[in-house]
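A short reminder: the numbers here are calculations on the coordinates, not readings from a lab. The structure presented is a predicted model; accordingly, all values stated were derived computationally and were not measured. Cβ atoms come from the backbone with ideal geometry, glycine included; neighbour counts cover every protein chain shown.
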Amino acid sequence: MVNLTSRFQEIISAYNTVVGGIDREAAGNHDRAYGGIVRAGKGQLTESIAKELVYLAWATLDQDSREIDVKRYKYKIPIRMNYVETIRDERLRNHISAHIDDYVYESNIDWTVMIRGEPKMCIECKTYTENAMLKRVLVDASLLKQRFPDMDFVLLQLESQLGGDYCQIGDSVLGSCSTHTLLSHFDIDLDIITLLKGDRRVDKPIHKKEFFKPLTEESLRHATQRLAMKLSRYRRS
């Protein structure tokens, strides 16, 4: 069985190093905009943590590590024919029909979890999420669900700006009124996982020493358990 405590400490150590060094790197780099370096550093960190937690979650289920992979994948969503058929402009309708293979939308999801070679879970990683950003996540998930009806969807965020108690760690989170209202308009069961406790404050960025937020073993363990629950339906006995 994997030693979770040891692996969690490695993740926490990496988090401390990366977040603690972002401000120094950004301030000392004159070739890139400060904000761009900060966003890139936090974004890559969040994606790396998410990927590692998926592998740990699978390991807690005592499953073969060779049967899971976490990878980047571009999904091509085809145009819907019933839309084409309703186009009144005959010239446009005929043009689209003649080039139908060109009419696709590429959906880029941060991570796709492959189980035994099949896509089973999509994970969107955010350094923080507000409801305007959540709408985009839900639209992409809805498009993918048309192609993969049984796909699981997870939003893993470093900090929360969704309101309510999404910034808390635990199973008793009630969420926020605005977020649940948005979710009610999409047929998507989105699992929202937050890693850092406390609402995101624009004027208190965590890469600044005085506003640093610790990443805890409790938070990582909770996130791993949530992911393991999602993955458990693919477990071999």
Problem set entry | Three-way shape label, segment 127-237, alpha-carbon gyration tensor, a/c 1.5 | oblate
Seminar exercise, completed: Checked segment 48-205 against the a/c 1.5 cut and the a/b vs b/c comparison, axes a ≥ b ≥ c from its Cα gyration tensor; verdict oblate
Seminar exercise, completed: Counting sequence-distant residues (5 or more places) and residues on other chains, those with an amide H built under 5 Å from that of Lys197 are none
For this session: Calculate how steeply helix 131-147 sits against the longest principal axis of the alpha-carbon atoms of the chain, using the helix alpha-carbon long axis, and give the answer as 0 to 90 degrees to the nearest 10.
Result: 50
For this session: Arrange Cys177, Cys125 by Cβ neighbour counts within 10 Å, fewest through most, would you?
Result: Cys177, Cys125
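Of Glu47, Glu118, Glu67, how do they rank once you tally other Cβ atoms within 10 Å and put the fewest first?
Glu118, Glu67, Glu47
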For this session: Assuming R0 = 30 Å, can you tell me the calculated FRET efficiency for the pair Lys76 and Ser237, based on Cβ-Cβ distance, to the nearest 0.05?
Result: 0.25
For this session: Apply the Karplus parameterisation 6.51 cos²θ - 1.76 cosθ + 1.60, with θ equal to phi minus 60°, to every residue of segment 43-57 and state each ³J(HN,Hα) to the nearest whole Hz, in sequence, with x for glycine and proline.
Result: x, 5, 4, 4, 5, 5, 5, 4, 4, 5, 5, 5, 5, 5, 4
Problem set entry | Helix-derived mean residue ellipticity, 222 nm - over the chain, DSSP H n ≥ 4, -39500 (n - 2.57), to 500 | -14500 deg cm²/dmol
Problem set entry | For the chain: relative contact order, % (alpha-carbon pairs under 8 angstrom, 6 or more apart) | 21
For this session: Please report Phe211, Phe8, Phe186 as a ranked list, fewest other C-beta atoms within 10 angstrom at the top and most at the bottom.
Result: Phe211, Phe186, Phe8
